[in-house]
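Heads up: the structure comes next, in structure tokens.
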Amino acid sequence: MVAAAKNIVVLTGAGISAESGVPTFRDAQTGFWARYRPEDMASQAGYRANPAMVWRWYEHRREMVARVKPNAGHVALAVFEKRHAAGQFTLVTQNVDGLHQRAGSTDVLCLHGDLNTQRWLDAPKDCCRLDEAVAGDPPRCGRCGNLLRPAVVWFGEALASRVLDRAQQAAEGCDLMLVVGTAGAVYPAAGLARLASRARASVLIVNPAQSELDDAADLIVRSPASVALPRILGTGETRIAA
Ligand code: APR
């Protein structure tokens, strides 16, 4: 399927980072949502209700991600990308951990934003300058009190239309979509697999467990991404980036 494909899209979720040590969201034992309620931690209402707690939760996740490394699944995708012309391969991720980029992937479509970037909670005024934010949990504008927030997409928020449009066009134009490490529970991201399937692309899922997208798959590989991706992509056991 991979060798015959002219235009490949890969959609990844938290599962591809699990083997790097980054907790997933819905896995019962390790998932973030096993301990916290999404609506309390990853929504505007939750942040406005308790900015210090939510800010510290994101700081904790940022510090944890800074300590881990991309795994063989991330590296396989980065190596594979280098072997294809730009229009033939598109990597779309729901992850905000930046591990694809650290493994060497470029032009990653980050549907849910980036854990390592901040932006203003309310529309910034002239006084709101990121480089002058007053330190704190969370940092804020020293003049108007506007809070900083993680530049991630929270539940109930719209995805960046430019990123989503590019991802949807890629899904509609591909002849193979790999869906790696996602429960397929969150839209519009999960909808990309259904878009590809409706556009007659083959859909190949890599996930050790069942997902909500299994019915859209032509082939399911019940295996961890770090084992399956080097073999499926033919990138061999590439050394992990230092
Ligand atoms: N290799 C591949 N898949 C794995 C691995 C692994 N080593 N370990 C776990 N998985 C699978 C799980 O079986 C599960 O289906 O990864 C999936 C992780 O699912 P979630 O925790 O729901 O993460 P994800 O699907 O990425 O969530 C989507 O929801 O919470 C929001 O914004 C958040 O981006 C996130 C979105």
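What single numbered condition from (1) out of contact with any helix residue (DSSP H, G or I) (no Cβ under 8 Å at 6 or more places or on another chain); (2) modelled with pLDDT under 95 fails to hold for GLY113?
(2)
From the residues in the range 146-164 that are surrounded by 12 or more Cβ atoms within 10 Å (Cβ to Cβ) and away from the ligand (no atom under 16 Å from the Cβ), which one is farthest from GLY98 (Cα to Cα)? It would help to see each step written out before you state the result.
Step one: of the range 146-164, the residues surrounded by 12 or more Cβ atoms within 10 Å (Cβ to Cβ) are 146-155, 157, 159-160, 163-164.
When the remaining residues are screened for being away from the ligand (no atom under 16 Å from the Cβ), the result is 146-148.
Working: ASN146: 26, LEU147: 23, LEU148: 20 Å.
By that ranking, first place goes to ASN146.
Farther than 30 Å from ALA196 by Cβ and surrounded by 18 or more Cβ atoms within 10 Å (Cβ to Cβ): does that describe GLN101?
no
I'd like to check which strands (runs of 3 or more DSSP E) are fully inside the range 172-242 and have at least 1 residues that are crowded, with 22+ Cβ neighbours inside 10 Å and modelled with pLDDT of 95 or more.
Fully inside the range 172-242 and qualifying: 176-180, 202-206.
Looking at this structure, is THR12 under 21 Å from PHE155 (Cβ atoms), modelled with pLDDT under 95 and of a type in the set (Val, Ile, Thr)?
no
Find the helices (runs of 4 or more DSSP H) located wholly in the range 1-119 whose residues include 2 or more that are in the same structural domain as VAL186 (by TED's automatic domain parsing) and within 14 Å of the ligand (Cβ to nearest atom), and list them.
On the way: elements: 15-18, 32-35, 38-41, 44-49, 51-67, 72-82, 99-103.
Output list reads 15-18, 72-82, 99-103.
The values are calculated or read from the model by the stated rules, or taken from the named source; none is laboratory data. Since the model is a prediction, treat every value here as computed from it, not as a measurement. Here Cβ is always computed from backbone atoms with ideal geometry, including for glycine, and neighbour counts include all displayed protein chains.
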